[in-house]
Amino acid sequence: METTKYQLPENEIPSAYYNIAADLPEPLAPVIHPATKQPIGPDDLAPLFPMSLIQQEVSTEREIEIPEPVRDAYRLYRPTPLIRALRLERALDTPAKIYFKHEGVSPAGSHKPNTAIAQAFYNKQAGVKRLSTETGAGQWGSALALAGSMFGLEISVYMVKASFTQKPYRKSMMETWGASVLASPSDRTNAGRKVLAEMPDSPGSLGIAISEAVEEAATRDDTNYALGSVLNHVLLHQTVIGLETKKQLELAGDAPDIMIACVGGGSNFGGFAFPFIADKIHGKSSTRFIAVEPEAAPSLTRGEYTYDFGDTAMSTPLMKMHTLGHDFIPEPIHAGGLRYHGMAPLICHLYDLGLMEAVAVHQKPVFEAAVLFARTEGILPAPESSHAIRVAIDEALKCKESGESKTIVFDLSGHGHFDLSAYDAYNANALTDTEFNPQASKAALEKTPRLKSAPQMGIMM
Ligand SMILES: *Cc1c(COP(=O)(O)O)cnc(C)c1O
């Protein structure tokens, strides 16, 4: 019998995060204050984040030690398995080898607890009592609710109203872990009340929910804000995925030719790929890295690389990123975790430097791939993760044509047990694919602030 599961012992949970800022051939563009148009400093972020996380945000140290209580919490589900998808390979009749890293084994069902646990720990250490956050489909809110219960923090979640009504079970999960959950737009914040006044039955959006959560943290002394993707420190925490994958591929005696992950804000891709991209930067590998985005929100492949806000109410600092415009509202696809107008600045920078590639895919072929994966490997994947599966299958089919035996590794960012209505829609042949509307994005992009001169490169502290 062939081995298909590569499992590391508990004591091989990484002891340090890998910080790709140490290896970038060119530094990242600074984050800009929207009023002063100058790079922001730590004081600008202090109302929202503890100093330890602000330092990580700008650090260029290659290794950042993982605190023991965080490693201890990771032990609940880490190390996660790396699995050879032999049955999928056979079904495709491909000479390629396909592996996947299974982040769906965490209690919340996705990779998101990797950073939620770290953020809860650093906030607790700084004496913070409450964290506010937003959630779209509910995965990030669940992860933070779990982390809050582990470290004794109150968690306040603004959940996009459309999901709040359509996906009640994520809410049940968050409340069971002790979080309080409000539908966004809510009447608790100025940002929410403003939207409700203009549009009383607004279904909400991630951008609006971020505005509400940021406002709560900025106006309450006992409350900080937590973000589940996009920021440097979030991608940093996720590198436990790639660091483990490296060891596991060594166990398997294999090296990746192609690595694939889906991208919403970029955190599972970054965490999975960065430790391997380091080798590529240093000329030690020629692995291809492919980020897969939905055709409904194709920020890397169709967006503009410019400074933009992270939220709709324009309350965040300006980040240089591939963006569709901060008030662009993506089509309501089932992969809610990928419906974001922007992208992590680190991912955009690597893409711009030609160190990685990106493709956009429609949701119907994504669900076809998800169902084939479920029927061969047994795991019901999250719609987000199924974007990576689609492209892994496409690359394996190319190997079948060319006869090449490449090693393809993808990140399975989560399971789809809360996405069964999406599977119902697919099974009933009721899924539709709409074409991306470049005009809508162009109109939204006209509202991005145009900085007259490129701000000076540099570190902000
Ligand atoms: C949130 C989420 C994503 C998208 O977020 P990234 O920051 O791009 O990783 C992808 N997959 C799952 C399962 C998620 O929960």
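Before moving on, here are some points about what is shown:
- Within segment 137-170, considering residues that are at pLDDT 95 or above and assigned to a strand (DSSP E or B), the one farthest from GLY336 (Cα to Cα): GLU154
- Each residue in segment 59-91 was checked for being over 22 Å from LYS5 (Cβ atoms) and either touching a strand residue (DSSP E or B) at 6+ places or on another chain (Cβ under 8 Å) or hydrophobic (A, V, I, L, M, F, W, C) (or both), and 7 pass.
- Counting only helices (runs of 4 or more DSSP H) wholly contained in segment 358-461, the ones carrying 1 or more residues that are modelled with pLDDT of 95 or more and within 16 Å of the ligand (Cβ to nearest atom) occupy 363-377, 383-402, 420-427.
- Every residue from segment 148-169 that is more than 14 Å from the ligand (Cβ to nearest atom) and closer than 15 Å to GLY109 by Cβ: TYR169
- Filtered residues of segment 439-451 (kept if over 24 Å from PRO383 (Cβ atoms), open to solvent by less than 70 Å² (accessible area, probe 1.4 Å) and out of contact with any strand residue (DSSP E or B) (no Cβ under 9 Å at 6 or more places or on another chain)): ALA443
- Considering the conditions (1) within 22 Å of the chain's Cα centre (by Cα); (2) within 25 Å of PRO67 (Cβ to Cβ); (3) surrounded by fewer than 20 Cβ atoms within 10 Å (Cβ to Cβ); (4) among the small types (Gly, Ala, Ser), ALA162 is excluded by exactly one of them, (2).
Results for (1) closer than 18 Å to SER413 by Cβ; (2) open to solvent by 10 Å² or more (accessible area, probe 1.4 Å), shown as yes or no for each residue.
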| site | (1), (2) |
| --- | --- |
| GLY204 | no, yes |
| VAL214 | no, yes |
| LEU231 | yes, yes |
| ILE241 | yes, no |
| GLU244 | yes, no |
| GLY270 | yes, no |
| ILE290 | yes, no |
| THR301 | no, yes |
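- Restricting segment 204-230 to residues that are hydrophobic (A, V, I, L, M, F, W, C) and more than 16 Å from the ligand (Cβ to nearest atom) leaves a set whose member that is nearest to SER186 (Cα to Cα) is ILE208.
- Segment 370-387 residues that are in contact (Cβ under 8 Å) with a residue 12 or more places away in the chain, paired with ones that are in a loop (DSSP other than H, G, I, E, B) and among the hydrophobic types (A, V, I, L, M, F, W, C) (beta carbon under 6 Å, 6 or more apart): GLU377/ALA85; PRO383/ALA335; GLU384/ALA335
- The criterion of at least 3 residues that are more than 20 Å from THR239 (Cα to Cα) is met by the following strands (runs of 3 or more DSSP E) wholly inside segment 253-342: 304-309, 318-323.
The values are calculated or read from the model by the stated rules, or taken from the named source; none is laboratory data. From a predicted model like this one, the values you see are computed outputs, not experimental measurements. Positions of Cβ are generated from backbone atoms using ideal geometry, with glycine treated the same way; all protein chains shown enter the neighbour counts. Areas reflect the complete protein model, heavy atoms only, side chains present, ligands, DNA and RNA absent. Shrake-Rupley method; radii C 1.70, N 1.55, O 1.52, S 1.80 Å.
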